[in-house]
Amino acid sequence: MNILDIYDYFEYRNGELFWKKTNSPRAKIGSQAGYLRKGYKNIGFNLKEYPTHHIVFFMFKGYLPKMIDHIDGNRLNNKIENLREANFNENARNSKKPSNNTSGYKGVCWNKTKKKWQANITINNKLFFLGRFDDKELAYKAYCNAATKHFGEFARLA
């Protein structure tokens, strides 16, 4: 990706990219660039497909890291202030509560055997037990404390 080409072809406005000039009959000058694919906005450019957040990050920072994290977890929010460089583990720490979660709280599950709420946290691909609690809010508080301590700015608590 050439930064000069990017500035020639795209204008950044509030997290969106707009065509300044085009190399395709489908893209119109002044129109918003991109299309949805697998939950991300992508742009076809120079016979390749790029995630919009990669182009935005590159426009502002001048390089492309191995991974870019959406701070708020919204894959469509490509405002530069919502993008940061991350490694795989940092990006995973900032993930949302799994869709199969039944407790309503990230890091909390029901232990059928002990009949208590259990808090766990994964740090560097290892699962750590944080305790069992009568109240799921207390289990969640244990998770939040551990996540804040170990993940810092990448801790997503909800």
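Residues are listed down the side, and each one gets a yes or a no for (1) surrounded by 19 or more Cβ atoms within 10 Å (Cβ to Cβ); (2) modelled with pLDDT under 95; (3) out of contact with any helix residue (DSSP H, G or I) (no Cβ under 9 Å at 6 or more places or on another chain); (4) over 23 Å from Asn91 (Cα atoms):
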| site | (1), (2), (3), (4) |
| --- | --- |
| Val108 | yes, no, no, no |
| Lys112 | no, no, yes, yes |
| Thr122 | no, yes, no, no |
| Lys126 | no, yes, yes, no |
| Gly131 | no, no, no, yes |
| Ala158 | no, yes, yes, no |
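Determine which single condition Ala92 fails, assuming it passes every other condition in (1) more than 30 Å from Gly131 (Cβ to Cβ); (2) within 16 Å of the chain's Cα centre (by Cα).
Ala92 satisfies every listed condition except (1).
For Phe88, indicate whether it is of a type in the set (A, V, I, L, M, F, W, C), open to solvent by less than 20 Å² (accessible area, probe 1.4 Å) and out of contact with any helix residue (DSSP H, G or I) (no Cβ under 6 Å at 6 or more places or on another chain).
no
Report the residue count in segment 62-96 for those that are in contact with an Asp or Glu (Cβ under 6 Å, 6 or more places away or on another chain), over 22 Å from Leu36 (Cβ atoms) and not in a loop (DSSP other than H, G, I, E, B).
The qualifying residues number 1.
Could you pull out the residue among Glu16, Glu49 that is of a type in the set (Asp, Glu), touching a strand residue (DSSP E or B) at 6+ places or on another chain (Cβ under 6 Å) and in contact (Cβ under 8 Å) with a residue 60 or more places away in the chain?
Glu16
For segment 133-147, check the following and say yes or no: at least one residue is under 16 Å from the mean Cα position of the chain (by Cα), surrounded by 12 or more Cβ atoms within 10 Å (Cβ to Cβ), within 30 Å of Pro51 (Cα to Cα) and in contact (Cβ under 8 Å) with a residue 40 or more places away in the chain.
no
The values are calculated or read from the model by the stated rules, or taken from the named source; none is laboratory data. Predicted model only: the values in this text are computed from it and were never measured. Backbone-built Cβ (ideal geometry, glycine too); neighbour counts: all protein chains shown. Side chains are part of the model used for accessible areas, which takes the heavy atoms of the whole protein and leaves out ligands, DNA and RNA. Shrake-Rupley method; radii C 1.70, N 1.55, O 1.52, S 1.80 Å.
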